[in-house]
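Everything below concerns the one structure shown next.
The values are calculated or read from the model by the stated rules, or taken from the named source; none is laboratory data. The shown structure was predicted, so the numbers you read here are calculated from the model rather than taken from an experiment. Quick reminder, even Gly has a Cβ in these numbers, built from the backbone with ideal geometry, and neighbours come from all protein chains shown. Note: areas computed on protein heavy atoms with side chains; ligands, DNA, RNA excluded. Shrake-Rupley method; radii C 1.70, N 1.55, O 1.52, S 1.80 Å.
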Amino acid sequence: MRKIIIAGNWKMYKTISEALELVNGLKRILYNIENVEIVICPPYTCLDQISELISESNIKLGAQDMHWETEGAFTGEVSVLMLKDLSCRYVIIGHSERRQYFSETNETVNKKVKTALKYNITPIVCVGEKLEERQAGKTFQIIEDHIKNGLKDLSKEELARVVIAYEPVWAIGTGLTAKPEQAQEVHSFIRKLLSDMSDEETAQNITIQYGGSVKPDNTKDLIKQKDIDGALVGGASLKIDPFVEIIKNAAGLEAK
Ligand code: 13P
């Protein structure tokens, strides 16, 4: 059975005090949710204090990126060992904003994924096409490129420990969500690629999240789709009410 994972990607939002207020609220309201894995990915500056705050709770900690080396002269970067130190369980890799503004490539994604797996942190690997790529009929080609090269040379056992997030770039922060059937079509294609790279059983157990303007009112219809196993939430994870509602909506659905 696949785990439904709802992860909040806070991007470059929230000071420490704002972050602690939000997490205290989430903890208070979500303490009895068991069938959804709840993950928050705050900025690095908040990780330490949030880690302590959620240590006894059902909320897991993730980071938004990391370097592929464990240490070195890489000014401004954060390593996997530093994330482990803070009890991070997840790390987002290859977000489209990193690809677009910070020269992230499938090659760097691949190196980061391997390092995260080596140190037992679950990478949430983001893939997705831009609007012009969709309009040019290149969606599947782009997804195949992101999946095959981003996850290149992973063993079956390693692939089984990866989470994928399909985030069509045109749906991020725009209020334009992919229609559930439109997203399902890509999710099922991703699962087929994963099966080709491992086997059917491994692929069936990999969580594939959807991301891009996920809101309380579209969560259920998206996650009801056969191959959509949760959400990577941006804007709606920055406030208690919508994020709680998204998680509760997901918790009300049957596991797949
Ligand atoms: P929004 O939910 O704000 O569209 O952001 C999605 C996203 O980029 C999550 O990683």
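Within the range 68-87, residues that are of a type in the set (Ser, Thr, Tyr) sit with their Cβ atoms under 8 Å from residues that are open to solvent by 90 Å² or more (accessible area, probe 1.4 Å), at 6+ positions apart or across chains, in these pairs: Ser79/Glu71. Residues that are out of contact with any helix residue (DSSP H, G or I) (no Cβ under 7 Å at 6 or more places or on another chain), within 12 Å of the ligand (Cβ to nearest atom) and either farther than 23 Å from Glu97 by Cβ or open to solvent by 10 Å² or more (accessible area, probe 1.4 Å) (or both) within the range 201-249 comprise Asn218, Gly234, Gly235, Leu238, Lys239, listed in sequence order.
The residue pairs whose first member lies in the range 235-256 and is under 22 Å from Tyr13 (Cβ atoms), whose second member is open to solvent by 50 Å² or more (accessible area, probe 1.4 Å) and hydroxyl-bearing (Ser, Thr, Tyr), and whose beta carbons are closer than 8 Å, counting only pairs six or more residues apart or on different chains, are Leu238/Tyr13.
Kindly establish whether Val162 is within 12 Å of the ligand (Cβ to nearest atom), among the aliphatic types (A, V, I, L, M) and open to solvent by less than 70 Å² (accessible area, probe 1.4 Å). So Val162 does not fit the description; no.
If you go through the range 105-152 and keep only what is acidic (Asp, Glu) and either without any contact (Cβ under 8 Å) to a residue 24 or more places away in the chain or open to solvent by 20 Å² or more (accessible area, probe 1.4 Å) (or both), you end up with Glu107, Glu132, Glu133, Glu144, Asp145.
Could you check, for the range 5-12, whether at least one of its residues is among the β-branched types (Val, Ile, Thr) and within 16 Å of the ligand (Cβ to nearest atom)? Looking for residues that are among the β-branched types (Val, Ile, Thr) and within 16 Å of the ligand (Cβ to nearest atom), one finds at least one in the range 5-12, hence yes. Checking the stated criteria, Glu104 turns out to be touching a Lys or Arg at 6+ places or on another chain (Cβ under 6 Å), among the charged types (D, E, K, R) and modelled with pLDDT of 95 or more.
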